[in-house]
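S.K.: One structure coming up, written as structure tokens, with questions to follow.
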Amino acid sequence: MIRISPQRGGWLEVICGPMFSGKSEEMIRRLRRAEIAGQRVVIFKPRIDDRYDAADVVSHAGSRMRAVPVTSVAEIVEHARGYEVVGIDEVQFFEPALVTHALELADRGVRVVVAGLDQDFRRLPFGPMPELLSHAEFVDKLQAVCHRCGGPATTTQRLVDGRPAPYSGETVLVGAAEQYEARCRGCHEPGVGAALAAA
Ligand code: ADP
Ligand code: MG
Ligand code: ZN
């Protein structure tokens with residue numbers, strides 16, 4: 001007994017995990033398949049992330065796909081018109097308003113795929129990610145390979161001169177000389193000041 005006709009698509013997918021876990025790779029894989037299916041597809045990424053190519057999403061393994069670099073959520077709203085599938089990479093860097101707009105797109109029938117870090121280098125929830133996770137229809141939490149022990153890594157270790165970065169550091173550093181490793185829970189080293197923050 002069907003009383004109403006089925007709703008047209010529209011949902012939110014989250015791909016999260018630490019650095020090197022294959023989030024960008026997975027984003028590219030999903031959106032490329034949507035393209036093959038003849039859907040209108042666009043990927044956005046924050047302009048902050050110019051580690052590789054300003055106009056591409058590039059994975060650590062080298063796969064890439066055209067992306068629109070944006071500086072604000074408003075730019076996403078403006079440019080997303082007319083697309084059936086909207087990807088947003090490095091979503092942790094966007095302001096909280098991203099959540100409302102991602103959900104509005106999904107409500108309008110758009111398939112929204114967001115990828116990003118679920119935790120910062122302190123292992124605290126990162127930016128709009130917690131809210132996105134709670135609203136999403138589909139969630140995938142990917143694991144990297146722990147740079148130390150080879151086990152499944154779920155955290156991102158920030159290092160400065162090879163040592164754990166201080167806990168009080170900025171959450172987002174642009175163009176700084178820090179390094180990152182994927183680490184498992186057992187190998188993640190809290191930086192100086194972590195115990196103080198927990199007390
Ligand atoms: P993310 O977007 O999550 O940072 P990418 O999709 O850019 O991840 O990169 C994933 C690729 O990085 C893997 O397929 C692999 O080739 C490479 N890689 C390098 N170091 C690691 C690691 N420690 N664990 C897993 N993959 C790694
Ligand atoms: Mg990535
Ligand atoms: Zn480990």
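The values are calculated or read from the model by the stated rules, or taken from the named source; none is laboratory data. Here the structure is a predicted model, which means the values were calculated and not measured. We place every Cβ from the backbone using ideal geometry, glycine too, and count neighbours over all the protein chains shown. With ligands, DNA and RNA removed, areas are computed over all heavy atoms of the protein, side chains included. Shrake-Rupley method; radii C 1.70, N 1.55, O 1.52, S 1.80 Å.
S.K.: Over all directions, the average projected area of the alpha-carbon convex hull for region 89-195 comes to how many nm²?
M.R.: Value for region 89-195: 7.5 nm².
S.K.: Oh, and also: Which of ALA115, ALA182, ALA34 moves the most in a Gaussian network model of the chain with Cα springs under 10 Å?
M.R.: For the chain, modelled as a Gaussian network with Cα springs under 10 Å, the answer is ALA34.
S.K.: Follow-up question, since we're still on this one. Hey, got the dipole for region 107-157? About the Cα centre, +1 on K and R Cβ, -1 on D and E Cβ, debye to the nearest 20?
M.R.: 200
S.K.: Suppose R0 equals 35 Å; then what is the FRET efficiency for GLU78 and ILE4 from their Cβ-Cβ distance, rounded to the nearest 0.05?
M.R.: Efficiency for this residue pair is about 0.60.
S.K.: Another question, then. For region 152-198, what's the relative contact order in percent, using C-alpha pairs closer than 8 Å and at least 6 residues apart?
M.R.: Here the relative contact order equals 52 percent.
S.K.: If you build a Gaussian network model of the chain, linking Cα atoms that sit under 10 Å apart, which residue out of GLU104, GLU25, GLU35 swings the most?
M.R.: Per the Cα network of the chain with a 10 Å cutoff, GLU35 tops the list.
S.K.: When the helices in the chain are scored as -39500 (n - 2.57) per DSSP H run of 4 or longer and the sum is shared across all residues, what 222 nm value do you end up with, to the nearest 500 deg cm²/dmol?
M.R.: -6000 deg cm²/dmol
S.K.: Return a whole-number percent for the relative contact order of the chain, with Cα pairs under 8 Å and 6 or more residues apart as the contact set.
M.R.: Relative contact order comes out at 26 percent.
S.K.: About the Cα centre of the chain, what is the dipole size in debye to 20, counting +1 per Lys and Arg Cβ and -1 per Asp and Glu Cβ, all else neutral?
M.R.: So the magnitude is around 540 debye.
S.K.: Quick one: accessible surface of ASP56, probe radius 1.4 Å, all protein chains present, in square angstrom to the nearest 10.
M.R.: 10
S.K.: Could I ask something else about it? Give me the base-10 log of I(q)/I(0) for the chain at each q in 0.09, 0.14, 0.19 Å⁻¹, Debye formula, one uniform scatterer per Cα, rounded to two decimals.
M.R.: Values returned for q = 0.09, 0.14, 0.19 Å⁻¹ are -0.36, -0.81, -1.37.
S.K.: What percentage of the solvent-accessible surface of the chain, computed with a 1.4 Å probe over protein heavy atoms, is contributed by carbon and sulfur atoms?
M.R.: Using a 1.4 Å probe with all protein chains present, the chain comes out at 52 percent carbon and sulfur.
S.K.: Heavy atoms only, probe 1.4 angstrom, no DNA, RNA or ligands counted: give me VAL174, VAL112 ranked by accessible area, highest first.
M.R.: The ordering from most to least exposed comes out as VAL174, VAL112.
S.K.: So, one more: Heavy-atom accessible area per residue, region 22-134, 1.4 Å probe: how many Å²?
M.R.: Spelled out: the 1.4 Å probe surface of region 22-134, per residue, equals 46 Å².
S.K.: If you place +1 on the Cβ of every Lys and Arg, -1 on the Cβ of every Asp and Glu, and leave all else neutral, what size is the dipole of region 97-199 about its Cα centre, to the nearest 20 Debye?
M.R.: 320
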